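Below you'll find the structure, written out as structure tokens, and then a few comments.
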Amino acid sequence: MRRLVLGRIAGVYGVRGWVKLRSSTRPIENLLDYPRWWLVHQGREIETTLIEGRNHGDGLVAQIGDANGKLIDDRDVAASLIGAEIHVARDELPEPEEGQYYWFDLIGLAVVNEEGVDLGRVDSLTSNGAQDVLVIKQGEVERLIPFVKGPIIKSVSLDEQRIVADWQPDY
């Protein structure tokens, strides 16, 4: 089962085992849509369930339980989870709309230009505010290609694991 990191435990909240969360989802409260989490921390993996969660300040707070739903209600136990990554099963995420992609589905795809010249593989993505940007690596060479469908990104095929871009190797 493929799992994705959607956040992390950033601290404790109160004395009854609640935790503060940092979410990588947009909007941040989308993290609370997933009832089953795997916490990965210090080489351990713990299956947990989301009992309750809500917005709090610039982040989220939540009460979690073990895999059977038994409440974690001890502040010290919650504190031992600080720094844990929150993983969610990929198949629990909704399918994106036609022409939309999750960033993590693009990572690792080969990128070629319209002439078939290999430009490298998607290493990561970032955003400059105006658009998302593919970070392409090919050996020691790194290219930043704006993810603008139409003028720059001609096609994306997850099945073929390939992106075609109107981009030249010397850009």
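Values in this text are rule-based calculations from the coordinates and carry no lab data. This structure is a prediction, so every number in the text was calculated from the model and none was measured. With ideal geometry, Cβ positions are generated from the backbone for all residues, glycine too; neighbour counts draw on all protein chains shown.
Longest span of the chain, sites excluded, free of GluC sites (Glu not before Pro) in DSSP loop with at most 14 other C-beta atoms within 10 Å? Result for the longest clean stretch: 1-96. Taken along the Cα-to-beta-carbon direction at a fixed 7 Å, the label points for R26 and E92 span 2.3 nm. Residues in segment 29-45 carry Karplus couplings, in order, of 6, 4, 4, 6, 7, 10, x, 10, 10, 10, 8, 10, 7, 6, x, 10, 10 Hz; the curve used is 6.51 cos²θ - 1.76 cosθ + 1.60 with θ = phi - 60°, and Gly or Pro positions show x.
Can you tell me which of N30, N55, N128 moves the most in a GNM of the chain? Springs connect C-alpha atoms under 10 Å apart. Among N30, N55, N128, the largest GNM mean-square fluctuation belongs to N128. Shape analysis of segment 3-92 places it in the rounded category; the axes a ≥ b ≥ c from the Cα gyration tensor give an a/c below 1.5.
Around D91, under 15 Å between beta carbons, what's the net of Lys plus Arg minus Asp minus Glu among the other residues? Within the 15 Å Cβ shell, the charges total 0.
If you take every residue apart from G11 with its C-beta less than 12 Å away from the C-beta of G11, what net charge results, scoring Lys and Arg +1 and Asp and Glu -1? Show your work: numbers first, answer last.
Details: positive: R8, K20, R22, R75; negative: none.
Summing Lys/Arg as +1 and Asp/Glu as -1 gives +4.
Given that just one value was derived from the coordinates, which of (i) 16.4; (ii) 18.6; (iii) 18.0 is Kirkwood radius over Cα pairs in Å? This structure yields the entry labelled (iii).
Filter the chymotrypsin sites (Phe, Trp or Tyr not before Pro) in segment 100-132 to those in DSSP coil with at most 15 other Cβ atoms within 10 Å of their Cβ, and list the result. Intermediate values should be presented prior to the final figure.
Values: sites: Y101, Y102, W103, F104; in loops: Y101, Y102.
In loop regions of segment 100-132 (DSSP not H, G, I, E or B), the sparsely surrounded chymotrypsin sites (Phe, Trp or Tyr not before Pro) are Y102.
Charge dipole of the chain (Cα centre as origin; +1 on each Lys and Arg Cβ, -1 on each Asp and Glu Cβ, all else neutral): 640 debye, rounded to the nearest 20. The label-point distance for R162 and I82, in a model that sets each label 7 Å from Cα toward Cβ, rounds to 5.0 nm.
Seen through its C-alpha gyration tensor, with square-root eigenvalues sorted a ≥ b ≥ c, segment 103-165 comes out rounded because a/c lies under 1.5.
Which value in deg cm²/dmol, rounded to the nearest 500, describes the helix-derived mean residue ellipticity at 222 nm for the chain, given -39,500 (n - 2.57) per DSSP H run of n ≥ 4 and division by the residue count?
After summing the helix terms and dividing by residue count, I get -1000 deg cm²/dmol.
For segment 1-73 versus segment 98-137, the inter-centroid distance based on Cα atoms is 29 Å. With contacts taken as Cα pairs under 8 Å and at least 6 residues apart, segment 103-165 reaches a relative contact order of 30 percent. Converting phi to 3J(HN,Hα) with the Karplus coefficients 6.51, -1.76 and 1.60 and the offset θ = phi - 60°, segment 71-88 yields 4, 8, 10, 10, 4, 5, 5, 4, 5, 5, 9, 4, x, 5, 7, 9, 9, 10 Hz in sequence order, with x at every glycine or proline. In order along segment 94-104, the Karplus-derived 3J(HN,Hα) couplings, from 6.51 cos²θ - 1.76 cosθ + 1.60 at θ = phi - 60°, round to x, 5, x, 5, 3, x, 10, 9, 6, 3, 5 Hz, and Gly and Pro are given as x.
When only Cα pairs under 8 Å and 6 or more residues apart are kept, what is the percent relative contact order across the chain?
Details: 352 pairs, mean separation 30.7, N = 171.
After rounding, I find 18 percent.
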